[in-house]
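Any read-out appearing in this document is the output of simple, stated calculations on the displayed coordinates, not a laboratory observation. These numbers were taken from a predicted model, which means no experiment stands behind them. So basically every Cβ, Gly included, is an ideal-geometry build from the backbone, and we count neighbours across all protein chains shown.
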Protein chains: 2
Amino acid sequence: MQVIDTVEGWRKTLDTERAAGRTVGLVPTMGALHPGHASLIARASADCDVVGVTVFVNPLQFGANEDLSAYPRSLDADVALAATHGATYLFAPSVATMYPRPMVTAVRVSELSARWEGTSRPTHFEGVATVVTKLFAQAGAVRAYFGEKDYQQLCIVRRLVADLDLPVEVVGCPTVREHDGLALSSRNVYLSPPERAAAPSLHRALCAGAAILVGGGTAAEARVAMGDVLAEINGVPFELAYAEVVDPDSLEPLVGALDVGGTARLLIAARLGRTRLIDNVGVIV
Amino acid sequence: MQVIDTVEGWRKTLDTERAAGRTVGLVPTMGALHPGHASLIARASADCDVVGVTVFVNPLQFGANEDLSAYPRSLDADVALAATHGATYLFAPSVATMYPRPMVTAVRVSELSARWEGTSRPTHFEGVATVVTKLFAQAGAVRAYFGEKDYQQLCIVRRLVADLDLPVEVVGCPTVREHDGLALSSRNVYLSPPERAAAPSLHRALCAGAAILVGGGTAAEARVAMGDVLAEINGVPFELAYAEVVDPDSLEPLVGALDVGGTARLLIAARLGRTRLIDNVGVIV
């Protein structure tokens with residue numbers, strides 16, 4: 001696997017692969033790669049002739065009070081993990097390479113960006129949309145693999161690709177979980193042992209809500225069921241941001257029960273101690 | 001020359017040309033093509049193996065009270081003009097093709113978009129930046145030709161290409177003028193005969209201001225010289241929006257005289273009757 005750190009080198013490498021008739025899979029990451037990322041890389045490797053992983057901790061998507069400087073960085077381990085799971089190239093640009101001058105151009109996906117995570121992180125998704133557009137522009141025509149773990153991000157990326165006609169096929173991939181259900185996240189390393197012990201309650205709550213919907217219950221009943229599970233968290237500072245049942249495309253809250261063939265997404269976000277965790281599951285009735 | 005009206009057909013056509021090793025020139029327009037556009041097409045044709053002209057009157061860049069519905073449309077004449085001047089393809093998508101769903105993604109180039117034309121047209125440049133990003137994403141790697149006539153637009157397009165690493169080389173081309181100096185514009189057809197007679201005063205004012213700077217005068221003196229020329233307009237309703245001397249990249253107002261080797265851009269905007277006209281000239285000392 002080859003590590004590349006210039007935009008020119010990266011672009012030329014992928015252009016050359018495409019010119020030779022090979023399909024390119026792209027896995028954009030912020031590094032600190034874990035088995036969730038590994039599953040994206042392995043999936044891209046199964047689907048595409050060559051796979052490029054990008055590792056860039058994007059300052060634009062961190063708020064002023066967020067964990068940019070503390071965000072875990074582990075390039076050597078990332079290189080090893082990406083190579084093991086079938087990556088052909090890893091693009092690891094510096095901040096100066098990505099943003100050589102003050103960035104005055106921004107990409108915004110309104111509506112989808114304002115709610116849920118956008119409520120507490122008002123600039124987050126504009127930072128995501130901007131860097132993803134730039135990563136796509138650098139990479140050219142690719143299949144791009146994103147985890148469903150960051151479901152709102154996945155919806156936003158799908159929409160910006162459609163709205164701007166980017167030559168990208170977005171592939172959403174299932175969330176990878178610990179045995180107790182906790183969704184893998186680079187931020188899980190922040191959890192203290194008691195917080196780690198409580199964290200699977202998020203997934204249990206989502207499953208309880210999903211079971212209600214599958215059984216013909218209403219979105220309101222599903223919300224109650226999620227709340228009941230979360231009420232059992234004791235002994236760790238816990239603050240629920242939202243636990244919602246939404247339309248899987250528009251992310252607008254649903255009311256009532258699902259029609260036959262109907263779909264929903266259950267979203268949850270909470271702070272455990274100082275760590276904000278998010279998770280989600282999908283439902284088809 | 002082939003006329004194309006689907007995004008897929010357009011993308012495939014240009015991809016095929018590039019795959020065959022041919023360079024692609026792109027001339028994005030809103031149609032109503034005049035000799036100014038012809039000069040862009042001819043320049044692209046001289047520089048590139050194939051030339052694609054796009055014709056799309058972009059609703060996003062018109063304000064609520066602007067001339068979207070009245071904007072001149074002349075596709076048959078545009079096709080003839082483009083073919084005559086060397087275009088290989090003309091892409092003329094419908095609004096439904098460009099915006100098949102409500103557009104929630106927007107591209108913004110802050111700072112550069114806020115001043116000058118942005119003052120009276122607060123949503124204009126976001127609409128321009130968004131459609132240009134989309135046209136570039138559809139077209140792929142190209143050289144793109146824009147007239148200096150819309151100088152602020154040219155600066156914004158250059159900056160968004162740089163900020164987002166789009167695979168585009170932006171080429172600015174000189175403004176084409178009538179014999180009396182009036183810059184060609186699709187909106188000139190709106191001018192009444194007395195307005196048309198007064199309109200060259202804009203260019204005369206720019207030249208008077210430029211002469212001051214070239215002679216070692218200050219930006220303030222250049223502004224006075226422009227005002228003096230404009231003060232001579234009589235008998236037609238005339239409203240000056242701005243007549244300014246600015247840095248050619250940041251578009252910030254300059255003060256004092258230019259240093260040796262220094263550059264400036266003189267910008268002017270005015271309403272003649274119901275028609276808003278803009279023009280500009282560059283100065284190198």
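Figure legend: label point modelled 7 angstrom from the Cα of B:ASP247 along Cα→Cβ; residues of region B:109-132 with amide N under 17 Å from it are B:110-116.
Output the Kirkwood hydrodynamic radius of the protein assembly as shown, Cα pairs only, in Å rounded to one decimal. Kindly include the intermediate steps, with their values, before the conclusion.
Numbers: mean 1/r = 0.0379 Å⁻¹.
Hydrodynamic radius (Kirkwood, Cα pairs) of the protein assembly as shown is 26.4 Å.
Peptide B:130-138 shows a mean partner chain C-beta count of 4 within 10 Å per residue C-beta. Normalising by residue count, region B:31-159 has a Cα convex hull of 115 Å³ per residue.
Just checking the listed ones, A:GLN152, A:GLN138, A:GLN61: in the Gaussian network model of chain A with Cα springs under 10 Å, the one fluctuating most is A:GLN138.
Between A:LEU254 and A:VAL245, A:VAL246, A:ASP247, the built amide H atoms are under 5 Å apart, and every one of these is 5 or more places off in sequence or on another chain. In units of the rule-of-thumb radius 2.2 N^0.38 Å, region B:186-279 shows an alpha carbon radius of gyration of 1.12. Electrostatic bookkeeping for A:ARG276 treats Lys and Arg as +1 and Asp and Glu as -1; over the other residues with beta carbon under 14 Å from its beta carbon, the sum is -2.
A simple spin-label model places pseudo-atoms 7 Å from Cα toward Cβ; at A:THR123 and B:ALA77 they are separated by 4.9 nm.
Across the copies of the chain, A:THR6 has label points (7 Å from Cα along Cα→Cβ) spaced 4.1 nm apart, shortest distance listed first. Each residue of region A:159-175 was assigned a 3J(HN,Hα) from its phi angle through the Karplus curve 6.51 cos²θ - 1.76 cosθ + 1.60 (θ = phi - 60°); the sequence is 6, 5, 5, 5, 5, 9, 6, 5, x, 10, 9, 8, 10, x, 10, x, 5 Hz, with glycine and proline shown as x.
Counting, for every residue in A:98-111, the Cβ atoms of other protein chains within 10 Å of its Cβ and taking the mean gives 6. Here A:GLU239 and A:VAL285 are evaluated by their C-beta separation; at R0 = 45 Å the FRET efficiency comes out at 0.90. Taking chain A as a Gaussian network of alpha-carbon nodes connected by springs under 10 Å, the highest mean-square fluctuation of the residues A:VAL236, A:VAL79, A:VAL171 belongs to A:VAL236. Normalised by 2.2 N^0.38 Å, where N is the number of residues, the C-alpha radius of gyration of region A:132-237 stands at 1.37.
Kirkwood hydrodynamic radius computed over region A:1-85 comes to 14.0 Å, based on all pairs of distinct alpha carbons.
Near A:LEU90, the amide H atoms lying under 5 Å from its own belong to A:GLN2, A:VAL3, A:ILE4, A:VAL53; only residues 5 or more places off or on other chains count, and H is placed 1.01 Å from N. Computed across chain A, the Kirkwood radius stands at 19.8 Å (inverse of mean 1/r, all Cα pairs). Please go through the residue pairs A:LYS12/A:LYS149; B:LYS12/B:LYS134; A:LYS12/A:LYS134 and name each one whose alpha carbons sit more than 21 Å apart in this structure. Among A:LYS12/A:LYS149; B:LYS12/B:LYS134; A:LYS12/A:LYS134, the Cα-Cα distance tops 21 Å for A:LYS12/A:LYS149.
Remark: spin-label model distance A:ALA46-A:ARG101 equals 4.5 nm, labels positioned 7 Å along the Cα→Cβ axis.
The rotation axis taking chain B to chain A passes closest to the C-beta of one chain B residue; that residue and the distance in whole Å read B:VAL107, 3.
Helix B:219-230 and the long axis of chain B differ in direction by around 90°, with both axes built from C-alpha atoms.
Just to confirm a number: summing +1 for Lys and Arg and -1 for Asp and Glu over residues other than B:ARG115 whose beta-carbon lies under 10 angstrom from that of B:ARG115, what do you get? Once positives and negatives cancel, what remains is -4. For region B:232-241, putting each phi into the Karplus relation 6.51 cos²θ - 1.76 cosθ + 1.60 with θ = phi - 60° gives couplings of 7, 6, 10, x, 10, x, 9, 9, 7, 8 Hz, in residue order, rounded to whole numbers and with x for Gly and Pro.
Estimated at 0.36 nm per residue, the fully extended path between B:GLU232 and B:HIS179 surpasses their Cα-Cα distance by 17.1 nm. For region A:176-284, the set of trypsin sites (Lys or Arg not before Pro) satisfying both a DSSP loop assignment and a count of at most 16 other C-beta atoms within 10 Å is given as A:ARG274. Using C-alpha pairs under 8 Å with a sequence gap of at least 6, the mean separation divided by the residue count of chain A gives a relative contact order of 16 percent.
The Cβ shell under 11 Å around A:ALA92 holds other residues with a net charge of -2, Lys and Arg each +1, Asp and Glu each -1. With its label point put 7 Å out from Cα toward Cβ, B:VAL189 sits 6.3 nm from the same residue's point in the other copies, in order from shortest.
Can you work out the base-10 log of I(q)/I(0) for region A:6-49 at q = 0.20, 0.29 1/Å, using the Debye formula on its C-alpha atoms alone? Reported log10 I(q)/I(0), two decimals: -0.74, -0.99. From its DSSP helices (H runs of at least four residues, each -39,500 (n - 2.57)), chain B gives a residue-normalised ellipticity at 222 nm of -11000 deg cm²/dmol. Applying the Karplus relation 6.51 cos²θ - 1.76 cosθ + 1.60 with θ = phi - 60° to region B:47-52 yields 3J(HN,Hα) values of 8, 10, 6, 10, 10, x Hz, where x marks Gly and Pro. Taking amide H positions as placed 1.01 Å from N in the peptide plane, with prolines and chain starts having none, which residues 5 or more places from A:ARG177, or on another chain, fall under 5 Å of its amide H? Answer set, sorted by chain and number: A:LEU184.
GNM on chain A, alpha-carbon springs under 10 angstrom: the most fluctuating residue among A:GLU232, A:GLU195, A:GLU117 is A:GLU232. Counting neighbouring Cβ atoms within 10 Å and putting the fewest first, the residues A:LEU202, B:LEU154 line up as B:LEU154, A:LEU202.
What is region A:186-284's relative contact order, in percent, from Cα pairs under 8 angstrom and six or more apart in sequence? The normalised contact order for region A:186-284 reaches 31 percent. Exposure proxy ranking for A:GLU8, A:GLU221, based on other Cβ atoms within 10 angstrom of each Cβ and starting from the fewest, stands as A:GLU8, A:GLU221.
Annotation for region A:167-240 versus region A:33-106: alpha-carbon center distance of 25 Å.
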